[in-house]
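What follows is calculated from the coordinates using simple rules that are stated; it is not laboratory data. Model, not experiment: these values are computed from the prediction. Glycine also receives a Cβ, built like all others from the backbone with ideal geometry; neighbour counts cover every protein chain displayed.
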């Protein structure tokens, strides 16, 4: 009986705990644009130009340590509900970073795509989960 109780107390999965600012109303796309109504929809020519969330060309791309990138607005809304990368489920322990190289690559690949929208790249209201400590064995 005691062994069963001990086995039940062992966690079967790692939970990722972060904090999100309580909101009276849910955050929506329109809340995240500083100027403009958002980018015009553009279907991607190449797979790596596609946002895995909205399935259009990435607008204002941001990346994570796992190497995946998405539109800033898409991932900002995603982080209101999940702390993991939508593509590979890698936990996110810090805010994604602006991907300047990908912005330049997309601008040259889609010269006629006129995205005049502006975002603020703010992660306010989110406190990312603390990364677990990695135990390093003592050296001999």
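Taking 18 Å as the cut-off, the amide N atoms of segment 48-79 that come nearer than this to a point 7 Å along the Cα-to-beta-carbon line of residue 34 belong to 59-63, 71-77. Average projection, convex hull of the Cα set of segment 22-111: 6.4 square nanometres. When each of the peptides 42-54, 60-72 is scored by the mean number of other C-beta atoms lying within 10 Å of its residues, the order from highest to lowest reads 60-72, 42-54. Label positions at residue 98 and residue 80, each projected 7 Å from the Cα along the C-beta direction, are separated by 2.3 nm.
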